[in-house]
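Nothing in this text is a laboratory measurement; each read-out follows from the coordinates by a stated rule. For clarity, every value in this text was computed on a predicted model and none was experimentally measured. Glycine gets a Cβ as well: all are built from the backbone with ideal geometry, and neighbour counts include every protein chain shown.
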Amino acid sequence: MREALEFVFAWTLLNLLGILPRPLARAAGAAIGALAWLLLPRLRQTGLRNLELAFPAMPLPERRRILRRLYRHLGWQLAEFSHMRRYTRDNTRKRIRYDGLDHYLNAAGRGHGVFIVTAHLGSWELSSFWHSLMGYPMTMVIRRLDNPRVDRLVNRIRCLHGNRVVHKDDFARALLSAMRRGDTVGILMDTNMTPPQGVFVPFFGVPACTASGLARVALRTGAAVLPGFMLWEPAEKKYVLRFGAEIPLVHSGDDESDTVENTARCTAAIEDAVRRYPDQWLWVHRRWKTRPAGEPPIY
């Protein structure tokens, strides 16, 4: 019964927002975000704790302002997701643009596959969707949603224009196969992991257990690795899908050491983007939950 009710709620919410004009849907999404700020104190506390770790010198009022703006961005993303089924190349050109597409095209042109290092930053759901809409479908590594029916609903929208979904619990062989085909794979590398799947690398100067699969597969296949994020640019009032320069990987011959170093380089690219757009990153995730042996809990 609970699964069915969750599905009905998700389906109804997406369709209600979807029938509103986009500006009204974004306003409604922002209102939902404001309610979440008020009604979910545990997430709010996690967000403030993470901001304290990342920006220890920042005054508390500024941390609260950043976190409140994050909730607005999350509401906007919900509104965008509800409208994505009707997005076309023509009706999105004035609202979304590329920056650094040449970085992606040059990497893809080598034919050894491309890993996009990305994060829960900006409008991550819209980024892969719009990239596929513009003719560049990709594989996305994601975590299964707890509700299978909601998971299927969300994935149908994600994959409307040729994208494929690979779940984290069965992605190792899929990544190797994708690189051998020369495909593009996007991986959200900013979530807390546990060993042995994760290794500890610095994130805002604090050791963070981070997925190492991308680095391991890239070393084996010669795939290109570059950062990609869809970020809201307030001055332009539009989203920009920005691809950075390729991340140079270390190949010393020591696989374990290289894996840690290359994972750290990918994480540094994420940190750089979060520092530039701090109100668009998912601070409410317990990113530093897993601690090195002997360290006390952070949360």
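Looking at the chain only, what percent of DSSP beta bridges run antiparallel? Nearest 5 please.
Antiparallel: roughly 40 percent of the beta bridges in the chain.
Please turn the phi angles of the range 219-235 into ³J(HN,Hα) values with the Karplus equation 6.51 cos²θ - 1.76 cosθ + 1.60 (θ = phi - 60°), one per residue in order, whole Hz, x for glycine and proline.
Residue by residue, the range 219-235 yields 5, 6, 10, x, 5, 6, 10, 8, x, x, 9, 9, 10, 7, 9, x, 5 Hz.
In percent, what relative contact order does the range 166-299 have, based on Cα pairs under 8 Å that are 6 or more apart in sequence?
Answer for the range 166-299 is 25 percent.
Can you order the peptides 80-90, 122-132, 63-73 by their average number of other Cβ atoms within 10 Å per residue, highest first?
122-132, 63-73, 80-90
For n ≥ 4 DSSP H runs only, could you compute -39500 (n - 2.57) per run for the chain, divide by its residues and tell me the 222 nm figure to the nearest 500?
Taking each H run of at least 4 residues, the total per residue is -16000 deg cm²/dmol.
Taking Rh as the Kirkwood radius, which is the inverse of the mean 1/r over Cα pairs, what is the Rg/Rh value for the chain?
Checking Rg against Rh, the ratio lands at 0.95.
When TYR239, TYR299 are ordered from fewest to most other Cβ atoms inside 10 Å of their Cβ, what list results?
TYR299, TYR239
Tell me the relative contact order for the range 71-163 as a rounded percent, counting alpha carbon contacts under 8 Å between residues six or more apart.
Answer for the range 71-163 is 34 percent.
Neighbour counts of other C-beta atoms within 10 Å: give me LEU105, LEU20, LEU175 arranged from fewest to most.
Ascending Cβ contact count within 10 Å gives the list LEU105, LEU20, LEU175.
Please list, ordered by chain and number, the residues whose modelled amide H lies under 5 Å from the amide H of LYS238; skip anything fewer than 5 residues away on the same chain.
Under 5 Å from the amide H of LYS238: GLU233.
Classify the range 126-240: rounded, prolate or oblate, from the alpha-carbon gyration tensor (a ≥ b ≥ c, eigenvalue square roots; a/c under 1.5 rounded; otherwise prolate if a/b is larger than b/c)?
It is rounded, given that a/c, with a ≥ b ≥ c, falls under 1.5.
Taking amide H positions as placed in the peptide plane 1.01 Å from N, state which residues far from ASP190 in sequence (5 or more) or on other chains have amide H under 5 Å from it.
Excluding prolines and chain starts, which carry no amide H, the hits are HIS120.
Report ³J(HN,Hα) in whole Hz for each residue of the range 42-48, in order, from the Karplus equation J = 6.51 cos²θ - 1.76 cosθ + 1.60 where θ = phi - 60°; Gly and Pro get x.
5, 5, 4, 5, 4, x, 5
By the gyration tensor of its Cα atoms, with a ≥ b ≥ c the square roots of the eigenvalues, what is the shape of the range 246-290: rounded for a/c under 1.5, prolate for a/b over b/c, or oblate?
Cα axes put the range 246-290 in the oblate bin.
Scan around PHE203 for amide H atoms under 5 Å from its own, H built in the peptide plane at 1.01 Å from N, and keep only partners 5 or more places away or cross-chain.
ALA208
Please turn the phi angles of the range 72-81 into ³J(HN,Hα) values with the Karplus equation 6.51 cos²θ - 1.76 cosθ + 1.60 (θ = phi - 60°), one per residue in order, whole Hz, x for glycine and proline.
These are the phi-based 3J(HN,Hα) values: 5, 5, 5, x, 4, 5, 4, 5, 4, 4 Hz.
Over the chain, what is the relative contact order in whole percent, taking alpha-carbon pairs under 8 Å and six or more residues apart?
Reported as a whole number, the value is 24 percent.
Could you tell me the distance between the Cα centroids of the range 25-97 and the range 156-228, to the nearest Å?
24 Å
Please sort 213-219, 271-277 by packing, taking for each peptide the average over its residues of neighbouring beta carbons within 10 angstrom, highest first.
The peptides rank, most packed first, as 213-219, 271-277.
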